[in-house]
1. If the chain between ARG8 and GLU114 were fully stretched, how many nm would it gain, using 0.36 nm times the residue separation less the Cα-Cα distance?
2. Fully extended, how many nm does the chain gain between LYS168 and LYS152 (0.36 nm per residue separation, minus their Cα-Cα distance)?
3. Can you send over the solvent-accessible area of SER45, 1.4 Å probe, protein chains only, in Å² to the nearest 10?
4. Over all distinct Cα pairs, what is the inverse of the mean 1/r for the stretch 1-65, reported as the Kirkwood hydrodynamic radius in Å?
5. Quick one: net charge of MET132's neighbours, Cβ under 11 Å, K/R +1, D/E -1?
6. Taking 0.36 nm per residue of sequence separation and subtracting the Cα-Cα distance, how much length would be gained by fully extending the chain between ILE76 and TYR131, in nm to one decimal?
7. Roughly what would the spin-label model give for LYS52 and GLN138, points 7 Å off Cα along C-beta, in nm?
Amino acid sequence: MQESIFHRLYDTYHQDVFNFLTYLVKNRTIAEDLSHEVYVRVLKSYERFEGKSSEKTWLFSIAKNVAIDYFRKKQIRDRHSFTTFDWENEQLVSPMSTPEQFTELSDQMRQLLEALEACTGDQKMVIIMRYMQELTIQETAEVLGWTEGKVKTTQHRALKKLREILQKLDGEGANA
């Protein structure tokens, strides 16, 4: 891989990849480590990149896989067992408290990020890609290897679940 291609990819997408990983793992240090892992994989596999998708969606696919690997390894370490991690149905819950950058967010955004923890892994991934990373439905489908219909359905279910959770929180806040 040419050094200039690597630097261009890094300069163009590093902040987006880092933010995506930070939203998933809620820890800046871990997100930095995972970002580095993304670019190690980019270096190792760029020759096989066929251009069937954009470089952006290809990078997010790698970042998604790095995050899933992190959660799988973490689950194995936490449970000391080799149970399979079904990321589409399991929750991708980070045990970390909210990182310092989130303390500066509005209460509404903080509630939304906390509510995301109750979503399944696929729902959380879609919401982060669509609304926080501003990927299109088509780009999100490419990253996840899904149809656009599945992205739309997952997004719809996630938004419904988030709405229910946030309404319940609002109700509790009003009663407090």
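The values are calculated or read from the model by the stated rules, or taken from the named source; none is laboratory data. These numbers were taken from a predicted model, which means no experiment stands behind them. Neighbour counts run over all protein chains shown; Cβ positions are idealised from the backbone, glycine included. Keep in mind that these areas ignore ligands, DNA and RNA; they rest on the heavy atoms of the full protein, side chains included. Shrake-Rupley method; radii C 1.70, N 1.55, O 1.52, S 1.80 Å.
1. Details: separation 106, 0.36 × 106 = 38.16 nm, distance 3.41 nm.
Extra length available between ARG8 and GLU114 comes to 34.8 nm.
2. Details: separation 16, 0.36 × 16 = 5.76 nm, distance 2.42 nm.
Gain on extension, LYS168 to LYS152, equals 3.3 nm.
3. Looks like 20 Å² after rounding.
4. Final number for the Kirkwood radius of the stretch 1-65 is 11.9 Å.
5. Details: positive: LYS124, ARG130; negative: ASP16, GLU134.
Within the 11 Å Cβ shell, the charges total 0.
6. Numbers: separation 55, 0.36 × 55 = 19.80 nm, distance 3.03 nm.
The span from ILE76 to TYR131 would gain 16.8 nm if fully extended.
7. Once both label points are built, they end up 1.7 nm from each other.
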